[in-house]
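One structure below.
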4 protein chains.
Amino acid sequence: MTATAAPPATSPLAGHEAKIDALRETGHWLWQRGFSLGTSSNYSVVVSRDPLELLITASGKDKGRLTRADFVIVDRDGKATSPGQPKSSAETLLHTVVAELPGVGAVLHTHSVWATVLSDLFFKQGAVEIAGYEMLKGLDGITTHEHTSQIEIFENTQDIPQLAEQVRERLTNSIRPLKHGYLIRKHGMYTWGKDLDEARRHVEIIEFLLECTARRLMLTGGLHPAS
Amino acid sequence: MTATAAPPATSPLAGHEAKIDALRETGHWLWQRGFSLGTSSNYSVVVSRDPLELLITASGKDKGRLTRADFVIVDRDGKATSPGQPKSSAETLLHTVVAELPGVGAVLHTHSVWATVLSDLFFKQGAVEIAGYEMLKGLDGITTHEHTSQIEIFENTQDIPQLAEQVRERLTNSIRPLKHGYLIRKHGMYTWGKDLDEARRHVEIIEFLLECTARRLMLTGGLHPAS
Amino acid sequence: MTATAAPPATSPLAGHEAKIDALRETGHWLWQRGFSLGTSSNYSVVVSRDPLELLITASGKDKGRLTRADFVIVDRDGKATSPGQPKSSAETLLHTVVAELPGVGAVLHTHSVWATVLSDLFFKQGAVEIAGYEMLKGLDGITTHEHTSQIEIFENTQDIPQLAEQVRERLTNSIRPLKHGYLIRKHGMYTWGKDLDEARRHVEIIEFLLECTARRLMLTGGLHPAS
Amino acid sequence: MTATAAPPATSPLAGHEAKIDALRETGHWLWQRGFSLGTSSNYSVVVSRDPLELLITASGKDKGRLTRADFVIVDRDGKATSPGQPKSSAETLLHTVVAELPGVGAVLHTHSVWATVLSDLFFKQGAVEIAGYEMLKGLDGITTHEHTSQIEIFENTQDIPQLAEQVRERLTNSIRPLKHGYLIRKHGMYTWGKDLDEARRHVEIIEFLLECTARRLMLTGGLHPAS
């Protein structure tokens, strides 16, 4: 990645250079993997907990070539904390709703082929069920392969506040709250972690498990339209 | 990419070094992705609007290793603007016909596996229909996933002037003109944008959507010869 | 890979820098290939034969970004040879049981998509049978393609000592002992060699042969649930 | 690739450094593409025509990490031209039989997954037939997509002299001689060209066309065992 100048000392981004560079490197890696093509995807890290503030990618930027200027600091309502910053994505509220959870330090939104395809094929079941894989132990809090994860699927919409409310309800559900990540139909995946490293690990693990699911289906006859 | 000397000041390429290097980098990236293998593919950018002049890759060059000398300036008839330049591709007219449209700054012609295979399997339907994907919003002018794109398919031919006329008719159609890109049967894809960045984004987005289409078909039983 | 300081002279890792760097480079390569995502996988090399001592990756490290500190020296019971070292993986005994064999210098544990999927689909047969491929000659001791390898599959468990015993029994079997590598169901692969280069070659060869097996099945109709 | 010292002036390799480095770079690229894993594959270029002498990779070397010492000069019988050189591959005669053809400057032997799988599935038909693809024009002498290439398949054997004779017969056939390349069943591919660049282009083109063939089959129901 090309070296770029630090933001001016008066910018709200000043002092966040290390986090910005970590997100830029994350973007380059996710673009190379094919999980963040074009200007799709958004990434954020928590920079203040009380009040909640997120450092998040600006809207419409190529994720393989992020510069230090392609970021915004937003509050828990997804609004820029000071004027003169670039616009953040329309999906910013899907980041803040997760970042409000205690213990969340980073949120990654990606668009892989398998997440996009499986989110549609399993939509009626409500989730992609992943059971019995050793790799599940790469997800925070899972200590045995004898575990079943439901990667839930939400209907896609352009009404982001409404979707954010649906996600909040599932995140804060007292019986079986959403963990690790979820899919949006024909759209992509959200994952998170206590810090950026854990969120990156969760992307790798869930994408691996979705690919195993898809390739296993191809070898055993696939999902048929009627099913 | 290895550094190469600038063209001599008397070359028609002089002064276009930045655009040349951007196309060279584009070629290297498309070759790495497997979309421009061998000496296939051609890329162009508009360098003059009135009269129309394009900077375009010379014929028969390895797209992963373009040098600064592997380019030509051509006019709207696809002819070199001055003698002594390398030959441009036989498909140059397929670039100029698109570049004549107002607002087009760059044209990319690629050959991926999925574009090649789907252009044949969907030939009878006349287009690959892509509907309901969030990633469609990466195409210029599309603001919701509730959209259907028809990636039209033209029959392959070695008679490029005739194909260029067919494409012109569809590009300038007053009711439903071609947008973003099209396929040529068992051959490849043409895409464009207001500048090279947008054309690159359109390659990434359409290739992603073609791959989703193909992998979804593999999971649901595929297209059968009779269909 | 970023340069990192050598371990202090008092560390049990002192003097093993070349082996450590070779394992770090191996981890980066396996991560890039998608065989060691997240913090999965473990790699080891024999550093002493009598008594047996292994240099092995520490538990829970990202295999694409191993540092010189992310290693431990363990004895044949999988215990650290001196205090103050990081924890080694729970699967350390699966390394030592192989390293005890005469002529073994390195053991690699990986998690590819195909190993994970085929280890489940062929579990009832007990092995993935690979026959007649020229590439089999890349496995130590095989000199003709007219050969059949059984890549055996063990049931996955969190009881590593018990699994290590099962593996030992097969490794030391007097009639048809395990050679080159084996799979663990829905988990991954273990391979080994006389040195790290040979173990790496065995990963490449077995993964290639598993991919050939899987793609051949996809082209010929696949495995059906009832089969 | 790490820099390496030139061979001593007395070595038969002295003076061939540029060709050696081009083959090393070719090996690294083919290894990265997954076409030359482990120590499989061999590459050669003609260094003398009368008498015929080839510069060829030595036996058993990792193709992703070739050093300047990993090469041999052989004569038309596949014998080293002077003592003290490393051993060349058992398949050297498959290089010399092609290099004897007028106009051949380089021969590449690779092992991709698709070449390996399709060479078995199409063995009974005797060839993989590839027709109507624009990309065929990337093969020397083909000027229209309205062309059918037969990528012929030979049975695998460890008797290389016998196989070399079969290949010679097809290469020198007066009616329809072998062109561009051929497959060996469950083994891999041989391709060639007037120089290394053309041979590399032929690898890319034929591999692309084999992948199109395979993926088209997967989308249309595949080859069934009875077919």
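Which of the residues that make up segment A:51-85 are in a loop (DSSP other than H, G, I, E, B) and small (Gly, Ala, Ser)? The answer is A:59, A:60, A:64, A:69, A:78, A:82, A:84. Count of segment A:169-202 residues, restricted to those that are buried (at least 16 other Cβ atoms within 10 Å of the Cβ) and of a type in the set (Val, Ile, Thr), is 2.
Among the residues of segment A:43-50, is any part of a loop (DSSP other than H, G, I, E, B) and more than 22 Å from residue B:135 (Cβ to Cβ)? Yes, the conditions are met somewhere in segment A:43-50. Contact map, segment D:141-167: residues that are surrounded by fewer than 18 Cβ atoms within 10 Å (Cβ to Cβ) paired with residues that are acidic (Asp, Glu) and in a strand (DSSP E or B), Cβ distance under 8 Å, separation 6+ or inter-chain. Pairs shown: D:148/D:129; D:150/D:129. Just one of the listed residues (D:184, D:130) is in contact (Cβ under 8 Å) with a residue 12 or more places away in the chain, in contact with a Ser or Thr (Cβ under 6 Å, 6 or more places away or on another chain) and within 28 Å of residue D:223 (Cα to Cα), and it is D:130.
Across segment A:177-202, the qualifying residues are those that are in a helix (DSSP H, G or I) and under 18 Å from residue A:134 (Cβ atoms), and the one among them that is nearest to the other protein chains (Cβ to nearest Cβ) is A:201.
Against the list (1) within 14 Å of chain B (Cβ to nearest Cβ); (2) closer than 30 Å to residue A:28 by Cα; (3) part of a loop (DSSP other than H, G, I, E, B); (4) touching a residue at least 24 places away in the same chain (Cβ under 8 Å), the condition residue A:223 fails is (2).
If I ask for residues that are over 19 Å from residue B:191 (Cα atoms) and more than 7 Å from chain A (Cβ to nearest Cβ), which ones from segment B:208-220 would you list? The answer is B:214, B:217.
Every residue, every condition in (1) of a type in the set (Phe, Trp, Tyr); (2) surrounded by 18 or more Cβ atoms within 10 Å (Cβ to Cβ); (3) in contact (Cβ under 8 Å) with a residue 60 or more places away in the chain; (4) within 30 Å of residue C:114 (Cα to Cα), yes or no:
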site: C:21; (1), (2), (3), (4): no, no, no, yes
site: C:25; (1), (2), (3), (4): no, no, no, yes
site: C:37; (1), (2), (3), (4): no, yes, yes, yes
site: C:52; (1), (2), (3), (4): no, no, no, no
site: C:56; (1), (2), (3), (4): no, yes, no, yes
site: C:60; (1), (2), (3), (4): no, no, no, yes
site: C:67; (1), (2), (3), (4): no, no, yes, yes
site: C:78; (1), (2), (3), (4): no, yes, no, yes
site: C:81; (1), (2), (3), (4): no, no, yes, no
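In the set (1) within 12 Å of another protein chain (Cβ to nearest Cβ); (2) assigned to a helix (DSSP H, G or I), residue D:98 fails one condition alone, (1).
Determine whether segment D:203-217 contains at least one residue that is within 16 Å of the chain's Cα centre (by Cα) and assigned to a strand (DSSP E or B). Looking for residues that are within 16 Å of the chain's Cα centre (by Cα) and assigned to a strand (DSSP E or B), one finds none in segment D:203-217, hence no. For segment D:28-68, filtered to residues that are within 13 Å of another protein chain (Cβ to nearest Cβ) and basic (Lys, Arg), the residue that is farthest from residue C:29 (Cα to Cα) is D:61.
How many residues are of a type in the set (D, E, K, R) and in contact with a helix residue (DSSP H, G or I) (Cβ under 6 Å, 6 or more places away or on another chain) when one looks only at segment D:104-146?
Residues that pass the stated criteria total 0.
For segment D:101-120, residues that are in a loop (DSSP other than H, G, I, E, B) and within 10 Å of chain C (Cβ to nearest Cβ) total 2.
Provide a single number: the residues in segment A:144-176 that are within 14 Å of another protein chain (Cβ to nearest Cβ) and hydrophobic (A, V, I, L, M, F, W, C). Break it down stepwise before answering.
Applying the first criterion (within 14 Å of another protein chain (Cβ to nearest Cβ)) to segment A:144-176 yields A:144-149, A:153-160, A:163.
Within this subset, residues satisfying the condition of being hydrophobic (A, V, I, L, M, F, W, C) are A:153-154, A:160, A:163.
Adding up the residues that qualify gives 4.
Within the group D:154, D:208, D:123, which residue is at pLDDT 95 or above and closer than 23 Å to residue B:89 by Cβ?
Just a single option satisfies the conditions, and that option is D:208.
Counting the residues of segment B:3-19 that are part of a helix (DSSP H, G or I) and without any contact (Cβ under 8 Å) to a residue 24 or more places away in the chain gives 1.
Within segment A:86-95, can one find any residue that is within 14 Å of another protein chain (Cβ to nearest Cβ), among the hydrophobic types (A, V, I, L, M, F, W, C), part of a helix (DSSP H, G or I) and under 19 Å from residue A:154 (Cβ atoms)?
yes
The values are calculated or read from the model by the stated rules, or taken from the named source; none is laboratory data. The model shown is predicted, which means the values in this text are computed figures rather than measured ones. Here the Cβ is made from the backbone with ideal geometry for all residues, glycine too, and neighbour counts use every protein chain on show.
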